[in-house]
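See structure below.
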Amino acid sequence: MTAKHQTGIAAPVRGRGQGVFGSKKKINDMMAQLRPDLSRESLGVGPDFPGIAPNPLLSGDARKRNAELRTGVLALGVLVDWREVNSNPRVVLMFDVETADGIAFRGIADEDLTITELTRLAPGQTLPVRYRPAVMDHYVALARGADPARVQQLSDEIARRKRT
């Protein structure tokens, strides 16, 4: 289906749930073909786990999600694995996240890191992350500007809960 613009050029009309590249399913299928190491199967997650956007800067939903995550609720994430997406270096980080409320979930962060940050990544490392409790869609973001005292307090709360 096409629509004519004022220029007279026919352009495709996108239906609901379709972006510039087509449906989200097509994007996920394309991503699995281009980068099998970033497929849901290779990351060891199920079909409800969010997919990796080829370029989050092109997606309005991704920009909105990232903005919300930057002000999200603080939690702690234990780094499970990470994959480099491109040489920016943009990486996808997978965490086992634990919240102050005792909720545990597998989280994924899509981050641009410096070379120094990238070389310091190690599985098992605990990092502060932010999440959106109202959404709980597995997306998290590194809490780069988190107050160290608040991170320590959160760590103590989680450790105290585990002891009881």
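The values are calculated or read from the model by the stated rules, or taken from the named source; none is laboratory data. None of the values given here were measured: they were computed from a predicted structure. Cβ: placed from backbone, ideal geometry, glycine included. Neighbour counts: every protein chain shown. These accessible areas exclude ligands, DNA and RNA; they are computed on the full protein's heavy atoms, side chains included. Shrake-Rupley method; radii C 1.70, N 1.55, O 1.52, S 1.80 Å.
According to a simple spin-label model (label point 7 Å from Cα along Cα-to-Cβ), what is the distance in nm between Glu157 and Thr126?
1.4
Sorted by accessible area with a 1.4 angstrom probe, largest first, how do Ile115, Ile158 fall?
Ranking Ile115, Ile158 by accessible area, largest first, yields Ile115, Ile158.
Spelling out what I want: for every residue of the range 92-104, take phi, set θ = phi - 60°, compute 6.51 cos²θ - 1.76 cosθ + 1.60 (Karplus), and round to whole Hz; glycine and proline get x.
Calculated HN-Hα couplings, in order: 10, 10, 10, 10, 9, 9, 10, 9, 5, 7, x, 7, 10 Hz.
Can you check what the net charge comes to around Leu69, using other residues whose Cβ is under 13 Å from the Cβ of Leu69 (Lys, Arg +1; Asp, Glu -1)?
Its environment carries a net charge of +2.
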